[in-house]
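The values are calculated or read from the model by the stated rules, or taken from the named source; none is laboratory data. Note that this is a predicted model, so its numbers are computed, not measured. Glycine also receives a Cβ, built like all others from the backbone with ideal geometry; neighbour counts cover every protein chain displayed. For the accessible areas, the whole protein counts, side chains as well, though only heavy atoms, and no ligand, DNA or RNA atoms are used. Shrake-Rupley method; radii C 1.70, N 1.55, O 1.52, S 1.80 Å.
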Amino acid sequence: MRLAGKKALVTGAARGIGLGCARLMAEHGCDVVITDIDISEAGRAAGEVSNHPAIELDVTSGPAWKAAIERAGDLMDGINVLVNNAGIIIPGSVEDLDEAGWDRTMNVDLKSVYLGCHTALPVLSRNAPASIINMASISSMIASANFAAYNAAKAGVHMLTKSVALHAARTYADVRCNSVHPAFVDTDMVDQVTNSDDRQLNTGKLARQIPLGRIATVEDVAWAVVYLASNESSFMTGSELKLDGGVSAM
Ligand code: NAI
């Protein structure tokens, strides 16, 4: 019960990493509200891991954020953990990617984190100790010719995290903000960065790029989120946690 007394809102939690985080957090005593743009999948996920109904939240919308924070606060009697997890990847080099793809990536992957922190900080501060966890990527530090927008957006998340951490440290008592940086994780997103629909083939190919010889599971990421959400990480803010199987050590 490492998260007893914690009340978390997780974005993009209908499936993949977000759902894995919500599940493990709940197993450790956390009260969790599942949010996602896909409300029917989110409803199914909430039925599995939460005591509360799911909330529809498109993370690119300021008004939707305001409503979701208010509703989640009512459901859990406060919020003290925010996991900014929702994200997309639209592969493409700087020449291939069109303007719409660039804008969409920036909105879903980066503006969302600004909106989440901007909207939630007053509520989090009233329920401190509080923790914001931003799902960045190892792509914030290691570039790929084909990830122009994703690299830029995740690098933005990396640095925005530090700015939020410094602001929160000087403005509030005990509100922290950190980022998590996984390499490839076994979710639907993997199929978007490979050329085939064969998940096993795709994960095998990607695993060959990782020193540990495999890609991450959602649980590998969720354990880091449990740690950052808990008081075990109480002196950690403005930091980045790399979960990359050794890629960035090369
Ligand atoms: P996924 O594609 O399996 O799940 C993403 C979830 O976000 C879905 O439930 C989707 O409905 C939701 N979503 C998409 N757009 C949204 C929006 N506008 N508003 C609210 N929800 C929205 O992806 P995965 O792998 O679980 O990714 C989660 C996060 O982890 C993302 O930020 C991603 O960039 C990051 N990440 C993923 C890695 C991977 O290899 N899978 C590696 C490193 C980071």
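Data for the structure
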read-out	value
Accessible area (Å², per residue) of the range 90-219, counting only protein heavy atoms and a probe of 1.4 Å	48 Å²
The range 45-191: C-alpha gyration tensor shape, a/c 1.5 cut-off, then a/b vs b/c	prolate
Along each principal axis, Cα extent of the range 150-250, largest first, Å	49, 28, 26
Between the range 42-75 and the range 196-219, the alpha-carbon center distance in angstrom	31 Å
Computed helical MRE - 222 nm, the chain, DSSP H runs ≥ 4 contributing -39500 (n - 2.57), nearest 500	-13500 deg cm²/dmol
Fraction of accessible area attributable to carbon and sulfur, the range 138-250 (%, probe 1.4 Å)	55 percent
Semi-axis lengths, Å, the chain, gyration tensor of Cα atoms, sqrt of 5 times eigenvalues	27, 19, 19
Rounded accessible area per residue of the range 1-89, 1.4 Å, Å²	38 Å²
The range 1-89: antiparallel DSSP beta bridges as a percent of all, rounded to 5	0 percent
Over 29 Å (Cα to Cα) - which of 7/162; 7/205; 111/205; 6/154 fall in this group	7/205; 111/205
The range 221-250 and the range 145-181: distance between their alpha carbon centers, rounded to Å	13 Å
Cβ-placed point charges (K, R +1; D, E -1), dipole of the range 78-143 about Cα centre in debye, nearest 20	540 debye
Debye log10 I(q)/I(0) for the range 16-77, one point scatterer per Cα, at q = 0.18 Å⁻¹	-0.59
Listed residues 94, 225 arranged by accessible area, highest first, probe 1.4 Å	94, 225
At least 20 Å along the helix axis (C-alpha) and Kyte average at least 0.0, DSSP helices within the chain	112-126, 148-171
Descending semi-axes in whole angstrom, ellipsoid equivalent of the range 140-195, from the Cα gyration tensor	30, 13, 7
Fraction of accessible area attributable to carbon and sulfur, the range 1-127 (%, probe 1.4 Å)	50 percent
